[in-house]
């Protein structure tokens, strides 16, 4: 099976805007459609509480005619038009969709951050992990999230193997970002966040990219938009992951980034696995 995950950073902008950035996003969507994946996971959709509009659905139907859609938006008391996730999955697939809450702190459970697809023999779940925030103001809540999310994956794993993906908002090791020394206290590279990810893997999950590629350097999934040269200079971070239960890690044949051209921010990530 082939799966793709991408933090799209506003589905509405990607589908309906004609800005230069939107045109780059649309080119990525064309690339994704050509891959003909079984499932596409999207994070940071930033849709309204009532989800995709009729126009959104029409455009998605034209771009991805063989797919059904499952979406989850941020709802009150959380911020509007914030976070959010979506699955596009082939119409011939038999899945049970769930929208779990993990007893997360603050409004995190209302921010549309997790959707899970249950297949006959495995779970496929995606996450948009909360950022620790400017000045690390949300770091304590992020640590609680990490604990509860790990418990959620373990609950799934106790029933059948898990494939988990998304924007985890953490670069695990120094090799996972271009400038580790300058980012010791930056959101996404604090000791606390890195330890949370270490504990997640130690609980029985595999970072499939490192499993296949070892300690290959200079491969990232995100480049800051604030710096016009971040992608040209490959000054990036690897914060998007495909994880699997350890028991199925050796069934993974491919785990890699998909080239998003000149578009900065996140690039899509691909997983191929024999199931």
With the label point 7 Å along the Cα-to-beta-carbon line of residue 183 and a cut-off under 20 Å to each amide N, the hits in region 92-134 are 127-134
I'd like the per residue volume of the convex hull spanned by the Cα atoms of region 83-179, given in cubic angstrom. 127
At residue 2 and residue 218, where each label point lies 7 Å from the Cα along Cα→Cβ, what is the point-to-point distance in nanometres? 2.8
For region 116-238, what number results from the quotient of the Cα radius of gyration and 2.2 N^0.38 Å? 1.11
How much length is gained on full extension from residue 235 to residue 275, taking 0.36 nm per residue of separation minus their Cα-Cα distance? 10.9 nm
Residues 266, 213, 56 in order from fewest to most other beta-carbon atoms within 10 Å are 213, 56, 266
Using the scaling law 2.2 N^0.38 Å as the reference, what is the normalised Cα Rg of region 180-275? 1.16
Fraction of alpha-carbon pairs in region 2-273 farther than 32 Å apart, rounded to whole percent, equals 17
Determine the equivalent ellipsoid of region 224-275 by diagonalising the alpha-carbon gyration tensor, then write out the semi-axes as square roots of 5 times the eigenvalues, largest first, rounded to whole Å. 29, 11, 7
Given an 8 Å cut-off on Cα distances and at least 6 residues of separation, report the relative contact order of the chain as a percent. 18
Output the Cα-based Rg and Dmax of region 1-84 in Å, rounding Rg to one decimal and Dmax to a whole number. 12.6, 38
A student applying the Cα gyration tensor rule (rounded when a/c is under 1.5; otherwise prolate if a/b is larger than b/c, oblate if not) would label region 43-131 oblate
For the chain, calculated [θ]222 nm from helices alone, where every DSSP H run of n ≥ 4 adds -39500 (n - 2.57): -7500 deg cm²/dmol
Please give the Cα centre distance for region 22-49 versus region 60-88, rounded to the nearest Å. 11
Each label sits 7 Å from Cα toward the beta-carbon; between residue 258 and residue 121 the label points are separated, in nm, by 2.4
Proxy exposure order for 252, 216, 162 (fewest C-beta within 10 Å first) is 216, 252, 162
Which order do 42, 47, 275, 60 fall in if you start with the one that has the fewest other Cβ atoms within 10 Å? 275, 60, 47, 42
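FYI, it's all coordinate maths here, none of it is from the lab. From a predicted model like this one, the values you see are computed outputs, not experimental measurements. Here the Cβ is made from the backbone with ideal geometry for all residues, glycine too, and neighbour counts use every protein chain on show.
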